[in-house]
Amino acid sequence: MQARMRWWLFGIIALVLVSLVGVLEPVKLRDRMDPNTGESVTPLKQIGPLRFYRPHIGLKLGLDLRGGSHLVLQAQPEGIYEFTMPEFKESLTDERRTELYGEIVSLLPRETIGTEKRDVEIRDQRVVVRTRVTDEADMVRQGEVIQGLLAERFPGLEKEVAELQPITRDSLLSIERIIENRVNPYGVTEPIIQRQPPDRIIVELPGMRDPEQAKNMIRQTAVLEFRHIPRKYAFGDRGPEVSTVDGREVFTFVDPTGNKVLTSEVIDESPVIVTGRDLKPEASRVMSVPGQPTAVGFELQGEARNVFEDFTRGHVSHFLAVVLDGQMISCPVIKTTIPGDGVIEGGFEGMGGLERARDLSILLNAGALPFDLEYVEDRTVSAQLGQDALVKSLWAGLLGLALVLVFMAAYYRVPGLLADVALIIFVILLMGMIKLVNQRLTLPGILAVILSIGMAVDANIIIFERLKEEIRTGKTMRSAVDAGFKRAWAAILDSNVCSIGTGLVLYMFGTGPIKGFAVALVIGVAVSLFTAVTVSRLFMNLLMRTRLARNVYLFGVKPSEVEGA
């Protein structure tokens, strides 16, 4: 055996062994993780750094094979409107600003505007209103309604700005990062989060047993607000009545006449001092000490530290509402000046209190979403259905492979048997490559693998048909093999390049399962090109050194068909 041929043989054997070890994971230098739970698996035996495990298929499975939740969320654009009013030309006291804030909010009911979100902010001599809109036409309509409602009370107002805040690429990137930060602490093993321009995010939670909690966390805007409660509702010793419902604190306020007021109305009339966007990243923490109430610590950054400190210094005995996504979770009284950090207490008692504190801390650390999200698709695949699909797909693949092996051996005889060996090597190398590039195996991916098997055989068929033609011309067996591979190469290369190009187009413009199909297809075509040309040719060259090469019948050619026979 020539030295070059020997090295090729050793190289192919090494690739097969490495692929088998990578896919079956019988030996690892670090802990093997359970794909379902994300926890480490106890090794059967350990020798130094080597850990030995029971072999298993170590490929990552997609949502359709493993079960879990498939979510599609759509970001909702906002309209921003700025107005100037004569009443704001003179300097406003804090009390007057709070009164005007409540008055403006009462003039702008959400139902009249036709939006689910309406935020008001007073900036110097301007009033800024933010609403959720569907498109530019809706933004224009809402702007006219808002201007008309405000003009009834403030006839001299002027609209300075009315613009649509669109969903940009950077916005989607920010949403993707925040969702990932929210989902990861819940132990979801390798969630899939993808952007789908112009305004959608795809989230897949494979293997998650209770996806509802994560789904709520994902969609939650997580806008934390510190709001100043007007004095007419709470001041000094006169605070809200606090009751507990399902472990959560519920606050009840009364107006100066003694009538109860809805908490949502109080929140609407309470101006925002600072928000969660002013919090220092990753600074929130759960504070749980036996004998003391559970709390969540926070720390402000930048100018917000000074704003918060100045506000608390000038509003001792006032009440400060802590509001998360429109829900009041705490309402403490300001007893002294608060610097740039503090704690949120209340609402964390009773069953599940510590879990709620942990959820709040995760939300604050992950950050607030720049836009509201709405679910446009919510699909759950059960683990049992995923397992059934996997078993059926594997049986289909094995059956197809078996039929191809039988056909090749029966029709092409000895070259067909060599092609069968090359085909088995192709399957092993393909699984190894899928493992190497960290690609998830989905139902479309399995389809691409089966399709690649057919394409790998197709290349061998082209080669062997060329080989039979060369043998019939009376050439020696070695010359016929060289000529067969050489003349078949152009057709094989053209078909495989076209297939790879198709896969790349599908990957560039497809989403979700289409991309999984495209990746598996491109890898399969590339590996089939290697095995059909390199591995098959190596085996044929080795066959030329045996007596079998003298019998043309074993190559699918009758002796009577050979010229000069």
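The values are calculated or read from the model by the stated rules, or taken from the named source; none is laboratory data. Computed from a predicted model, the values in this text were never measured in an experiment. When we count neighbours, we look across all protein chains shown, and the Cβ atoms used for this are built from the backbone with ideal geometry, even at glycine. Remember, those area values only see protein heavy atoms, side chains included, never the ligands or the DNA or RNA. Shrake-Rupley method; radii C 1.70, N 1.55, O 1.52, S 1.80 Å.
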Original post:
Where the convex hull is taken over the Cα atoms of region 101-165, what is its projected area averaged over directions, in nm²?
Top reply: 4.2
Original post:
Considering only the other residues whose Cβ falls under 12 Å of the Cβ of Gly445, what net charge follows from Lys and Arg at +1 and Asp and Glu at -1?
Top reply: +2
Original post:
For the Cα atoms of the chain, what angle does the longest principal axis make with the long axis of helix 477-509, in degrees from 0 to 90, nearest 10?
Top reply: 10
Original post:
Roughly how many Å² is the accessible area per residue of region 394-435, as a whole number, for a 1.4 Å probe?
Top reply: 47
Subject >> Cα shape, the chain, gyration tensor, a/c 1.5 rule >> reply: prolate
**OP:** Work out the charge dipole of region 6-78 with +1 on the Cβ of Lys and Arg and -1 on the Cβ of Asp and Glu about the Cα centre, then indicate which of Phe52, Phe10, Gln74 is farthest towards its positive end.
**Re:** Phe10
Original post:
Given charges of +1 on the Cβ of Lys and Arg and -1 on the Cβ of Asp and Glu, with all other atoms neutral, how large is the dipole of the chain about its Cα centre, in debye to the nearest 20?
Top reply: 4480
Original post:
In percent, what relative contact order does the chain have, based on Cα pairs under 8 Å that are 6 or more apart in sequence?
Top reply: 16
Subject >> Across Lys60/Lys392; Lys475/Lys558; Lys232/Lys260; Lys117/Lys280; Lys232/Lys335; Lys392/Lys515, pairs whose alpha-carbon gap is larger than 24 Å >> reply: Lys117/Lys280
Original post:
Can you give me the Cα centroid spacing of region 90-152 and region 478-496 in angstrom?
Top reply: 75
Original post:
Quick one: net charge of Ile463's neighbours, Cβ under 12 Å, K/R +1, D/E -1?
Top reply: 0
